[in-house]
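First comes the structure, then the notes that go with it.
The values are calculated or read from the model by the stated rules, or taken from the named source; none is laboratory data. All of these numbers come straight from a predicted model, not from anything done at the bench. Backbone-built Cβ (ideal geometry, glycine too); neighbour counts: all protein chains shown. Just so you know, the surface numbers come from the protein's heavy atoms only, side chains and all, with ligands and any DNA or RNA stripped out. Shrake-Rupley method; radii C 1.70, N 1.55, O 1.52, S 1.80 Å.
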Amino acid sequence: MLRQTIQTMTKRTAAIAALLTLSSPAYPVTVTVTESLSAVFNAAGKLSVPGTVTLTQGPGFFNSYTGSVLMTYRARTVNGATITMVVTSDFPAGGPSVAAGNLTYTCSGATLGTACTGQNVASTTSTTTVLTVPANSCTGTSCGNADPNSLTLTFTLPDNPTAQTGSYSANVQFTISAT
Amino acid sequence: MKRISRIKMMTCGLMVFFAANAPAQSASGTTTLSVVVPAEAALTVTTATTNMATASTTFGSAFTGSTSVNLKFRTSATTGSGTVTVKITTDFSPTGGPSVATPPTAGDALSYTCSITSSAACVTGSTTASTGSATNVVTMGAAKHSANAGDVATVGWSLTDDPVYAQGTYTATATFTISAS
């Protein structure tokens, strides 16, 4: 037992000496360190719409007013995303009325996801879905689409004679929710 | 070594946890829809041809007929107004019959009355139609509007049955004009 211990110590001393001997000269040393980098990309969504859109009348009398909103958006989804719309502030009394179902919209040109189809009635009380983005989607050329994505909404307001003359405005809020 | 493994396992566990419970993200934007509603007016004559006839064979009554006109209008709130006028743009033809511009007998006339269920008002009484100037049929004041489908004005025509008119069929053209401000 004692002999083995002495032999072990002797080997370690020799090894240390060898190490010291090797480390004395300034030889180049390459050290490789492997480190794992990880990032968690959560679902995310962002959208942008113009501050004001003017609805203009087509030629002739009592033709409907129309106006287009070019919405841009970006989305990264795990489960999916939706863009919804609600009219948060109706036209003032005496003018057109969203609450009465006057304001309708159509969707076109979505570069990511499935946009609404047909003529849809805007609401002041409930959100309506404008666009649905499927699961595992993302924005950008590497995802196979544009950056940012875009969608055009065309609003239509009938020119009802019962509306009084004047200027009217209503606020429409769009919300993108991604999971 | 075991400690490192435990840390790695905990890290992986947290990553899985975060991925599985990725929080819903939402963002909003608001657009203001703006529209200007002007004073407007439009009309449609729904009776393309008005046939005038008399039930009398003894010159006892005038030729009569009625024309329906659909009116859509909106006048401005404070200073607005509007009118519907009519003008005989083509006198009766062929010659030998009635004439709006040059009646063969003094007192011969093409005249009309009006009725409407609306916020607009028909001219009262009977008005003699003219080839020289448009005459009012309906007037609208400020802040008046028709129904969404339009209001119907009925113009009742009356044409003197003068014995000097030669037997035959005569036609004239009446043009209605609506304006609103």
Subject >> Percent carbon-and-sulfur accessible area, the protein assembly as shown, ignoring ligands, DNA and RNA, probe 1.4 Å >> reply: 57 percent
Subject >> Whichever aspartates and glutamates have a C-alpha closer than 19 Å to that of A:LYS46, once near sequence neighbours (fewer than 8 apart) are set aside >> reply: A:ASP147
Original post:
When the solvent-accessible surface of protein heavy atoms is calculated with a 1.4 angstrom probe, in what order do B:ILE116, B:ILE88 fall, highest first?
Top reply: B:ILE116, B:ILE88
Original post:
How crowded by other chains is A:36-48, given as the mean number of beta carbons from other chains within 10 Å of each beta carbon?
Top reply: 4
Original post:
With every protein chain in place, what's the accessible area of A:THR165 (1.4 Å probe, Å², nearest 10)?
Top reply: 30 Å²
Subject >> Spatially proximal aspartates and glutamates relative to B:LYS87 (Cα-Cα < 19 Å; intrachain offsets below 8 disregarded) >> reply: B:ASP108
**OP:** Return the average number of partner chain Cβ atoms within 10 angstrom of each residue Cβ along peptide B:36-44.
**Re:** 6
**OP:** Return the calculated 222 nm mean residue ellipticity for chain B, to the nearest 500 deg cm²/dmol, obtained by summing -39500 (n - 2.57) across DSSP H runs with n ≥ 4 and dividing by the residue count.
**Re:** -3500 deg cm²/dmol
**OP:** Would you mind getting the accessible area per residue of the protein assembly as shown, heavy atoms of the protein chains only, 1.4 Å probe, in Å²?
**Re:** 56 Å²
Original post:
Expressed as an acute angle from 0 to 90° and rounded to the nearest 10, what is the orientation of the C-alpha long axis of helix B:2-20 relative to the principal long axis of chain B?
Top reply: 10 degrees
Original post:
If the cut-off is 12 Å between C-alpha atoms, which aspartates and glutamates fall inside it for B:LYS72, apart from same-chain ones fewer than 8 positions away?
Top reply: A:ASP159, B:GLU40, B:ASP151
Original post:
Give me the Kirkwood hydrodynamic radius of chain B in Å, from all C-alpha pairs, to one decimal place?
Top reply: 20.9 Å
Subject >> Relative contact order of chain B, defined on C-alpha pairs under 8 angstrom at six or more residues apart (%) >> reply: 31 percent
Original post:
Rounded to the nearest 100 Å², what is the sum over both chains of accessible area buried where A meets B, with a probe of 1.4 Å?
Top reply: 3300 Å²
Original post:
Accessible surface of B:MET140 in the full protein assembly, 1.4 angstrom probe, to the nearest 10 Å²?
Top reply: 10 Å²
**OP:** Using only atoms on other chains, find how many Cβ atoms lie within 10 Å of each Cβ of peptide A:164-177 and report the average.
**Re:** 6
Original post:
Of B:VAL69, B:VAL35, B:VAL123, which is the most mobile in a GNM of chain B whose springs link Cα atoms less than 10 angstrom apart?
Top reply: B:VAL35
